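Single-structure report; data block below.
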Amino acid sequence: MPAVPRLHVVTGKGGTGKTTAAAALAIALASGGKRTLLVEVEGRQGIAQLFDTAPMPYEERQMAIAPGGGEVLALAVDPEAAMLDYLDMFYNLGRAGRLLRRMGAIDFVTTIAPGLRDVLLTGKVKEAVTRTKDGRLAYDAVVLDAPPTGRIIGFLDATREVADLTKHGPIHKHSEGVSQLLHGDATVVHLVTLLEEMPVQETIDAAGHLRDGGYHLGSVLVNRAQPRLLDESAATDGALDRAVAAGLAGSGIDPALSGPLAQGLRLHLTRAAVQDANAAQLVGLERPIIALPEQPGRIDLAALFELARALRTGLAEAQL
């Protein structure tokens, strides 16, 4: 696997912050004067909401300038528009394709052949990854905010299935090319999770399915990582209650708060123990684990840059 993959697929269980992690990753990869494209394919306009912009049309737009002068652009892929691109590229049916769209033929085709919809979406991603301008690649990296782990295998495998069904012709060739990119060394799949039982188990299951499918795993991105405030030994034999009481003495704070504060710290230790147990399970995946610190309040551009800083450090250590 090369030291610097060019297509970074980001997936995770719903609610784990997959889109936030993908956006921060795009900023991290653009640092130092590079150019990245952040792509979404689910029609949720999640990127626009995250960057607090108007809904994105089917065109690449600048979203942020990364540290060191890098550039982050974003694209919301529309299946119908992607099919028009496909018809124009392979069959020179630009005007005819627009007529088909008005007739509803594109909706019909993607409904009766749902796998084709995913092929069109990933096909647009491949076009961005391989596009050149003035003899150079248009983007140093492309980050795909992919469907969640429950659907990621079907989404990525659609190209292989359509290629097997069509056997020959432009659709077969197109599907084969996309499948080769997704299974090739230039692509890695990052898994976003929380240190909670269900997300961790789904992450482990998805990692197994992805490996079985021949995909290369990147890093495990642990979102909303909580720092450990104290060690377990601090809570033994009433030591925690005594320490809190001593800390409040002479501070002007009501000593009656000592008990509730100590109980709050005990709850923190309980949560920390659960996180540690879940983190231990992730170690078994034998992939780099990058902790993304919890950001207070609403995720904004400043928070994305903070997460990107953590990702730059983690990626450098993982050599990805």
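Each reported figure results from applying straightforward, stated rules to the coordinates on display, with no laboratory input. Keep in mind that what you see is a predicted model, and the values were worked out from it rather than measured. Every residue, glycine among them, receives a Cβ derived from its backbone with ideal geometry; neighbour counts consider all protein chains shown.
Given a Förster distance of 51 angstrom, what is the FRET efficiency for GLN201 paired with THR130, based on the Cβ-Cβ distance and rounded to 0.05?
On the way: r = 36 Å, r/R0 = 0.70.
The pair GLN201/THR130 has a calculated efficiency of 0.90.
Modelling each spin label as a point 7 Å along the Cα-to-Cβ direction, I'd like the ARG224/HIS172 distance in nm, to one decimal.
4.8 nm
May I ask you to evaluate 6.51 cos²θ - 1.76 cosθ + 1.60, the Karplus curve with θ = phi - 60°, for each residue of region 122-138 and list the ³J(HN,Hα) values in order in whole Hz, giving x for glycine and proline?
So the J values, rounded to whole Hz, are 5, x, 5, 5, 4, 4, 5, 5, 9, 5, 10, 9, 6, x, 10, 4, 5.
Calculate for the chain the 222 nm mean residue ellipticity that helices alone would give, adding -39,500 (n - 2.57) per DSSP H run of length 4 or more and normalising by residue count, nearest 500 deg cm²/dmol.
Working: 12 runs with 168 residues, N = 320.
Result for the chain, helices only: -17000 deg cm²/dmol.
Quick one: of LYS124/LYS173; LYS18/LYS133; LYS34/LYS173, which pairs are farther than 21 Å apart, Cα to Cα?
Numbers: LYS124/LYS173 14 Å; LYS18/LYS133 30 Å; LYS34/LYS173 31 Å.
Too far apart for the 21 Å limit: LYS18/LYS133; LYS34/LYS173.
How much length is gained if the chain between GLU42 and GLU161 is pulled fully straight, taking 0.36 nm per residue apart and subtracting their Cα-Cα distance, in nm to one decimal?
Values: separation 119, 0.36 × 119 = 42.84 nm, distance 2.02 nm.
Working it through step by step, the gained length comes to 40.8 nm.
Of the beta bridges DSSP finds with both residues in the chain, what % are antiparallel, to the nearest 5? The partial results should precede the final answer.
On the way: 6 of 35 bridges.
The antiparallel fraction comes to roughly 15 percent.
Between beta-carbons, use under 14 Å as the cut-off and find the net charge around ARG271, counting Lys and Arg +1, Asp and Glu -1. Each step should come with its number before you reach the end.
Details: positive: ARG224, ARG228, ARG266; negative: GLU196, GLU197, GLU232, ASP276, GLU294.
Charge balance near ARG271 sits at -2.
How large is the dipole of the chain about the Cα centre if only Lys and Arg carry +1 and Asp and Glu carry -1, each at its Cβ, rounded to the nearest 20 debye? Mind dumping the intermediate values first?
Working: 31 positive and 37 negative charges, 173 e Å.
Here the chain has a charge dipole of around 840 debye.
Between LEU217, LEU285, LEU29, where does the largest GNM mean-square fluctuation fall for the chain, given springs only between Cα atoms within less than 10 Å?
LEU285
Can you list the HN-Hα couplings for region 297-314, worked out from phi with the Karplus curve (6.51, -1.76, 1.60; θ = phi - 60°), rounded to whole Hz and with x for Gly and Pro?
x, 6, 6, 10, 4, 4, 5, 4, 5, 5, 5, 4, 5, 5, 5, 4, 5, x
List the residues, sorted by chain then number, that are 5 or more residues from ARG35 or on another chain and whose placed amide H is less than 5 Å from its amide H.
GLU71, ASP140, ALA141
From the backbone phi of region 173-190, what are the Karplus-calculated ³J(HN,Hα) couplings (6.51 cos²θ - 1.76 cosθ + 1.60, θ = phi - 60°) in whole Hz, Gly and Pro given as x?
Once θ is set to phi - 60°, the couplings for region 173-190 become 4, 4, 5, 4, x, 5, 4, 5, 5, 5, 8, x, 5, 7, 10, 10, 10, 9 Hz.
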